[in-house]
Structures are given as structure tokens and as C-alpha cells.
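Here's the structure, in C-alpha cells; my notes come after.
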Amino acid sequence: MSEIPKLNCEKTKDNLVEFIKSKVSETKSKGIVIGLSGGIDSTLAAYLACEAIGKENVFGISLPSTTTPTEDKIHSIEVAQRLGIKYKEIAIDSVLNEYLSVTQLDNDNLAIGNLKARIRMSIIYYYANHKNCLVCGTGNKSEILIGYFTKHGDGACDIEPIGDLYKTDVFKLSEFMNVQKEIIEKPPRAGLWDNQTDEKEIGMSYDLLDQILYLYAEKDMKNTEIAEKLNISVDDIDMIINKITRNEHKSKVPESPKKIIL
């Protein structure tokens, strides 16, 4: 049994929809631009955006590369078509290859994966600027807390509608909003390199991760208390807390030292 309180899906959905609607209105934007990966986070965010401001005011962009699973490419387009939004598909490989050709650095999966995320967000912001729209983020609370995103890449956005939802909450709300079953059930993955999956990279299941995060961040429990409550190793808790500490800078405005006056 999960330690996380049960999500009120109906009230949460209404709250997120109202949030999107109010942010678009107060910024006098013409709508929302969102990157569609074919995964559950971007799909849920797109569903919420359409309910908030109407499908005619939401523009989706699918930005696959050679490492994007075919299933994800198909799902990203299916989501756009199912919602009835305008969308565009742009393969980013030619842009990526130009970067790699100019820099001529040794292959580094992590650095190249982050570069892909930043190329994608640059294109998304270009469309958002051109259309006078807000960029809708697709990050969830679990990934934001442990820094499992690319700084200035998928972590860049104007609003983050699902940013207070743990990943397990995302699954629940997606079911409530009738997101396609095949998107809900497939393993979460960023597709930044071949055979990558989120849970393998994080080092544990989202179900376990979310319980650790809830007990640590919201219940202020100590490492040993969490380990005992969840019947897992303290090393697992330490691994997650180290991620939180090490990546905290990703969610903050860059720090500056104080000037000294006479």
C-alpha cells in the first residue's frame, strides 16, 4: 500500500485547467505550444491544455531523432490527431549532426542526450515566440525533485501544469482523463539514447521513488525512518537524496554573489 495520499482526480483536474486558463489570460498570450513526445507526461499536459483553452489554441510539436522509439513517434502524432490540435513533426537529426560536426568532441551519451533536449526546446520556443504563445512544460514533481530533466532543455517552460503531481499521480490523472491505454501502460522513457528507460536510469520504480520523495520532502522523515517504513536499504534512500541535493540548482535562478559598497 502506497504512503502517498490518494489523489482527488476531479478537483485536481479542475484546478490545473483553471491554472492554464488563467496564465494564458493574464499574459495576454494567444495560446499554448507544447512538445509532444508520445509519453504520458506531455500527453496529459496536452489534454489539460485543450480542456483549458480549447484545441484551436494549442499547437503541438513532435521532435523525434534516430533514437526515438517508433512507438513514441506514432503516439505523439496520434495524440495530436485525437485532440484535434494543429501540429508539426520536425526531425532534429540534421540540427544535432551540425552541432556534433562543428564541436568534434568524443561521443558522450549524456551530453548528446542533453543537447537533443535543448535543441528541441529551442525549436519549441521559436514557434511560441512566433505565435505569441506560452510554452507548456511537461515535468512532473518526481522528476523535478530529483533533477531528472535537462536544464534549459525539457526543464525550460513558461508554465508547469503537472509540476506538483508525482509520477504515480500522473498515471492516475491520465486514466481519469481517458488518455490512451497504450500510452499509460508503456514504460516511461526519454528516448535520448537507444534502449533507455526512466526507471532503469533512476535506479528504481516510480512507485517506490514517489513514496521516498513524499516521506522525505513532505513528511520530513529521516533516511533511516524512511528505510524502515518502506522496508528498503538506507543506501537506496541516500541515492535519491543525493540526486535531490546534487540537482537542486536546476530548479533555481542562477545565484550571484553580493556586491560590496563603500
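Between the C-alpha center of the stretch 1-68 and that of the stretch 115-191 there is a gap of 8 Å. Solvent-accessible area assigned to carbon and sulfur over the stretch 41-142 amounts to 49 percent, based on a 1.4 Å probe. Listed by chain and number, the aspartates and glutamates placed with their C-alpha closer than 13 angstrom to that of K181 are E78; residues fewer than eight positions away on the same chain are left out. Within the same chain, lysines fewer than 8 places from K116 are excluded, and of the rest, those with a Cα less than 21 Å from its Cα are K73, K88, K151, K200, K250. Based on protein heavy atoms only, the stretch 182-262 ends up with 68 Å² per residue of surface accessible to a 1.4 Å probe. Where a ≥ b ≥ c are the square roots of the eigenvalues of the C-alpha gyration tensor, would you call the stretch 108-262 rounded, which needs a/c under 1.5, or, failing that, prolate if a/b is larger than b/c, or oblate? Because a/c hits 1.5 or more and a/b fails to exceed b/c, the stretch 108-262 counts as oblate. Per-residue ellipticity at 222 nm, computed for the chain from helices alone with -39500 (n - 2.57) per DSSP H run of at least four residues, works out to -15500 deg cm²/dmol.
Starting from the Cα gyration tensor of the stretch 63-135, take the square roots of the eigenvalues, sort them a ≥ b ≥ c, and report rounded, prolate or oblate (rounded when a/c is under 1.5, otherwise prolate if a/b is larger than b/c, else oblate).
Details: a/c = 2.83, a/b = 1.53, b/c = 1.85.
Cα axes put the stretch 63-135 in the oblate bin.
Is the shape of the stretch 7-58 rounded, prolate or oblate, going by the alpha carbon gyration tensor and its root eigenvalues a ≥ b ≥ c, with a/c under 1.5 for rounded and a/b larger than b/c for prolate? Judged from the Cα gyration tensor, the stretch 7-58 comes out oblate (a/c at least 1.5, b/c at or above a/b). Only alpha carbons enter this Debye calculation for the chain, each as an equal point scatterer, and the log10 of I(q)/I(0) it gives at q = 0.07, 0.10 Å⁻¹ is -0.26, -0.53. Along the chain, counting only trypsin sites (Lys or Arg not before Pro) with a DSSP assignment other than H, G, I, E or B and at most 16 other Cβ atoms inside a 10 Å radius, the longest segment between sites is 31-150.
Are there any GluC sites (Glu not before Pro) in the stretch 196-256 that are in a DSSP loop and have at most 15 other Cβ atoms within 10 Å? List them by number. List each step's numbers first, then the result.
Details: sites: E199, E201, E218, E225, E228, E248, E255; in loops: E255.
Answer in residue order: E255.
The values are calculated or read from the model by the stated rules, or taken from the named source; none is laboratory data. Small disclaimer: the values here were computed from a predicted structure and weren't measured. Here the Cβ is made from the backbone with ideal geometry for all residues, glycine too, and neighbour counts use every protein chain on show. Calculation scope for accessible area: heavy atoms of the full protein, side chains included, ligands and nucleic acids excluded. Shrake-Rupley method; radii C 1.70, N 1.55, O 1.52, S 1.80 Å.
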